[in-house]
Structures are given as structure tokens and as C-alpha cells.
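Readers should treat all values here as calculations from the given coordinates under stated rules, not as data from a laboratory. Small disclaimer: the values here were computed from a predicted structure and weren't measured. Quick reminder, even Gly has a Cβ in these numbers, built from the backbone with ideal geometry, and neighbours come from all protein chains shown.
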Amino acid sequence: MVDTFEIIEKPEICQFSENLGKMIIRNKNSSLTCVYMTVRLDDATICDKLTLYYDAESLITINLRDIVHTLLECEFPRQTGVTDFTYLYITLTDTATTKTYRFQVIAGGVAAPRKVGLDWWARNFLTWQGQIVTMPAWQPQWLSVVKLNRDPQFLRIKSRLYTAEGIERTQDIFTASEEGIVRINVSFELLWRNICVSEELTPIAYDIYGLGANSVSEPDTAGAKNYPFAQRYILRSGNFRDRCFLFQNSLGGFDTIIASGLSTLLPEGEVDTFINQGREAELSNDYTSIWQQNTGYISSSSIARQWQEFLHSSNRYLYADGEWKQIIVTEYEVKHKEAALNSYTFKYHL
């Protein structure tokens, strides 16, 4: 049987939600005026047999970004591992033809290119951090990378330590073979603290990088694909004002960033009282701890972009007493001047 419609444009199979783009349907049977669309996000039905009519050019344009724009969430990473993609299913049908399309969708997006190619996923961690980050040794770090069912079949994530003694150490962190979003705890305290203590080494920096392999046992060789590109973390002494925040970035990953400016407690709330026989007593107290946080001086454009990402995010956490506590940012002030020392201020509560 001849198809009564065809798809002349659709996104790549794996795509950011903000870069999903369009699906364009062309009518191949002039006697038919519409198709019916059913949309599912994983197991949830978004719409069922919605009627779509062809325009004067016998086309139907579906903006897939608009369907999933506000529906995707990323769970806070608790441990290293692979999480499933969110799957978008589009089923199109008329009286004669039925077709179903599946897309792997990741919350976030990039400005360009409009379509993110398959090779981009293997080459990049989902972070806007600069490739070189200076941080206190206690600062947690998470990196995410997308693993697709294509070459390389195995993605080996590794770390290399550099020390003041000139000694280097290398270890495998995680090997990803299944398809999904790989979220990896790459904190110094987890990866290298015990080794440095036991071998009496003074750490200076460490790298996180990937190597593509076609088998689990394949050795690291000079010809191995460097997927993804390396991130370097340079260790510094801690500052008593350092406060660590984590946030979901616009690539669907999670970044941490240090605020080293002044932190001020500005509690808000009202107290309701009542008077009984001349004696006043408190009825309720809605005291809320509001913290005003200054970022400290922003030393580079990459750190400025990270803070702007933090303020743009709606999924943010504070690292306190060894735990992550979700916060709500209620207000912020950003003034950024070129060739000047800038700092931002924001207010938040738990």
C-alpha cells in the first residue's frame, strides 16, 4: 500500500529539547485533509489523536520544541551511573497510513547549530564550565555525558592526578556501555583524597577525560578516540567565605560553582498576636531565613557565564554540612561591565 503522507523534515534522533525543531508532513493523497497525532513522553500521553489539517501547500508543520518545552525535569544526581533518556513518541495516522517516530530528548539547548549532530554528544561533557577550573579540594564536582548506541561502543571515563612531587596517577572512573545520560561524581575527595593521604602526595590538579573503545578489555592506546574532551581541576586553598552551589545547567548537566563574597542573613516574616484579658501572646510566626549572597569578584567571562546560568536555572542546591539542600532564589541583581571587576548578588532560602 502506498503511503498517504510523508515526512520531509524531522530532528535528529537525539536532541536537546530547545533544539528539537520541526517535523513537516507532506500530503500525498489530495482526498485526505488531515492527520491525527498522538504524543507520548515516556509513558505519559500528552495528547491523543489531535486533528491536524494540511495548509494550502499540503503541509503540516509541528513545532516539537513547543510540545516538550516545559515538561522535562532532571533529577539531582545521587551516585555515578547511567540514567535513561526521556523518549518523545509521535504517532501520525490517517485512514490509510500510520507512522510512529521516537526521539531521545535532553532538557536544555544550545544556540547553534540548530541541529546537534551525533558526534557532538561523544565529544562534549554537558557543562558550561571552562576547560580549566580552579577550586578548593572539598568542592564536589559532577560531569554528565551522553552515550549513544554507536561507535565507540564503550566510553571509558578516566582521571589523571598531578602532584607537587612530580608523580602522576591514573585511574578508570566509569565505563559506559549502555545508552543513556552518564552522570559521574568527579569530586577530588571521592577520587583522589585517600590515595594522596596513603602515598603522602601533595595534589596540584587532576584531569577528567574519556577514551572511546570497541571492547571492555581494549587497552588505552595512542590511537584511541579522546571522547569526551578533558576537564582540568586545579586545586587551591579554601576560603572561609566559600559557599558551594550546584545547579542544573542549560545542557541538562549539573555544575557546581563557588561564591566567595559576603553572605548576609536577612530574615523575613510576620508575627500574629492576640490579646486575651490584657495579655498579649503570639499566635503564629512565619519566620523565614533569607540569605543574601554575593558571588565575590568574577575573574573571567567563563565564570560570569556560569553565574548567569545559575541565575537562569530553576533547579539549584546549596552544599552545607556535607549535604545538598535545595534552594529557591527569590531575587538577584546583575550588573556586568566590560573590562571591570564585577560581582552579582542574589537572595535565596531553603
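What to note about this one:
- A simple spin-label model places pseudo-atoms 7 Å from Cα toward Cβ; at THR202 and LEU71 they are separated by 5.7 nm.
- Here the contact order of segment 239-350, divided by its residue count and restricted to Cα pairs under 8 Å and six or more residues apart, works out to 27 percent.
- Above 20 Å, the calculated P(r) of segment 117-238 contains 43 percent of its Cα-Cα pairs.
- DSSP beta bridges in the chain [antiparallel fraction, %, rounded to 5]: 90 percent
- Packing rank of 122-134, 295-307, 66-78, 48-60, where each peptide gets the mean count of other beta carbons within 10 Å, highest leading: 122-134, 295-307, 66-78, 48-60
- GNM remark for the chain: springs join alpha carbons under 10 Å apart, and the peak mean-square fluctuation among ILE184, ILE106, ILE204 falls on ILE204.
- Check: segment 5-110 dipole with +1 on Lys, Arg Cβ and -1 on Asp, Glu Cβ, in debye: 220 debye
- Calculated mean residue ellipticity at 222 nm for the chain: -2500 deg cm²/dmol, from DSSP H runs with n ≥ 4 weighted as -39500 (n - 2.57), summed, divided by the residue count and rounded to 500.
- The chain: C-alpha gyration tensor shape, a/c 1.5 cut-off, then a/b vs b/c: oblate
- Converting the Cα gyration tensor eigenvalues of segment 1-128 into ellipsoid dimensions via √(5λ) gives semi-axes, longest first, of 31, 16, 12 Å.
- In degrees, nearest ten, helix 301-312 long axis to first principal axis of the chain (Cα): 70 degrees
- Estimated inter-spin distance, ASP272 and SER31, nm [label 7 Å along Cα→Cβ]: 7.0 nm
- Lys pairs, the chain - Cα-Cα below 21 angstrom, 8 or more residues apart or on other chains: 17
- With a Förster radius of 35 Å applied to the C-beta separation of ILE13 and LYS335, the computed FRET efficiency comes to 0.25.
- Sparsely packed GluC sites (Glu not before Pro) within segment 179-217, loop by DSSP, other Cβ within 10 Å at most 14: GLU199, GLU200
- Short-range pairs are left out: with C-alpha atoms under 8 Å and at least six residues apart, the relative contact order of the chain is 14 percent.
- Dipole-positive endmost among GLY253, ILE298, PHE5 within the chain (Cβ charges, Cα centre): PHE5
- Cα centroid of segment 1-40 to Cα centroid of segment 320-345, whole Å: 43 Å
- Highest mean first, the peptides 230-237, 206-213 sorted by other C-beta atoms within 10 Å per residue fall in the order 206-213, 230-237.
- Charge dipole magnitude, Cβ of K and R +1, D and E -1 - segment 240-350, Cα centre, debye nearest 20: 480 debye
- Neighbourhood charge, 10 Å Cβ-Cβ cut-off, centred on ILE173 and excluding it, Lys, Arg +1 and Asp, Glu -1: +1
- Across the options THR97, GLY21, ALA56, the greatest Cα extent toward the positive end of the charge dipole of segment 5-110 (unit charges at beta carbon of Lys, Arg, Asp, Glu) belongs to THR97.
- Euclidean distance of C-alpha centroids, segment 231-277 and segment 87-143, integer Å: 28 Å
- Projecting the Cα atoms of PRO203, GLN139, TYR87 onto the charge dipole of the chain, computed from C-beta unit charges around the Cα centre, puts PRO203 farthest toward the positive end.
- Computed from point charges on the beta carbon alone (+1 for Lys and Arg, -1 for Asp and Glu), the dipole magnitude for segment 117-238 about its Cα centre is near 320 Debye.
- Approximate spin-label separation GLN326-CYS47, in nm, with each point projected 7 Å along Cα-to-Cβ: 2.9 nm
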